[in-house]
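Here is the structure we will look at.
The values are calculated or read from the model by the stated rules, or taken from the named source; none is laboratory data. This structure is a prediction, so every number in the text was calculated from the model and none was measured. Here the Cβ positions follow ideal geometry from the backbone for every residue, glycine too, while neighbour counts run over all protein chains shown.
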Amino acid sequence: MASFPGHTHYLLLAIVWLVWCGLHSALIAPGMLAHVRRRAQAARYHRLLYNMIAVITLVPVVLLSFRLQTAPFWRWHGLARIGQVGLLLTALYLFVTGTRNYDLWQFLGIRNLQADDACQLISADCRLEKTGILGIIRHPWYAGGILIIWARDLDGSALITNVILTAYFIIGARLEERKLLLQFGDAYRAYRQNVSMLFPFKWLRTKLLRRS
């Protein structure tokens, strides 16, 4: 007979995910970044080390999630497959179009190794980007991440993981915007008023108003 995780196992999974999210956020908190920037060599390696720590510490969390998997209570099958494919294609579109505004080497921390004064943002020239997909939503990669995690069959483990990671993506986007507000001030406030954070509600509203 198959064994199912008890409430204690799910609580452990939730705690482990929360610890990982907390560690991940603490490493790029404004206070941490200010401390790192005062040390040129530390600033050079910070982004790369941050990504390495995030990936390494993610492995045991993901393994625990898989270990607690059970029979799904929700499966993407039949006509629902169309919705699943739609989510995955939209996520792919968001990631691909996002690379036109973001500098992948900056994101990975490779470019920082070449210069102490590399931009702390993930745009290539440290300007406020508002073109392309960033004229539709402010955080395409966060939005794509949310779509991907929900485009899978759901059991108890997946549901806990998805809820926590969705909250993490939203909180991460807000924390990132604090840095953008400090750097760009009123220009970013105006941009935020005109462009939605994760889903293109304001863009769609503008399109609908133009057609009416």
Given (1) exposed (fewer than 12 other Cβ atoms within 10 Å of the Cβ); (2) modelled with pLDDT under 75, residue 7 misses just (2)
Considering residues that are more than 21 Å from residue 159 (Cα to Cα) and among the aromatic types (Phe, Trp, Tyr), the number found within the stretch 52-98 is 2
Within the stretch 10-38, considering residues that are loosely packed, with under 12 Cβ neighbours inside 10 Å and modelled with pLDDT under 70, the one farthest from residue 67 (Cα to Cα): 38
Unmet criterion (only one of (1) at pLDDT below 95; (2) farther than 19 Å from residue 51 by Cα; (3) exposed (fewer than 15 other Cβ atoms within 10 Å of the Cβ)) for residue 101: (3)
Is it true that some residue in the stretch 163-183 is out of contact with any helix residue (DSSP H, G or I) (no Cβ under 7 Å at 6 or more places or on another chain) and farther than 24 Å from residue 26 by Cα? no
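Of a type in the set (A, V, I, L, M) and either surrounded by 18 or more Cβ atoms within 10 Å (Cβ to Cβ) or more than 17 Å from residue 61 (Cα to Cα) (or both): which single residue out of 159, 181 fits that description? Before the answer, list the steps.
On the way: 159 fails: either surrounded by 18 or more Cβ atoms within 10 Å (Cβ to Cβ) or more than 17 Å from residue 61 (Cα to Cα) (or both).
Being of a type in the set (A, V, I, L, M) and either surrounded by 18 or more Cβ atoms within 10 Å (Cβ to Cβ) or more than 17 Å from residue 61 (Cα to Cα) (or both) holds for just one of 159, 181, which is 181.
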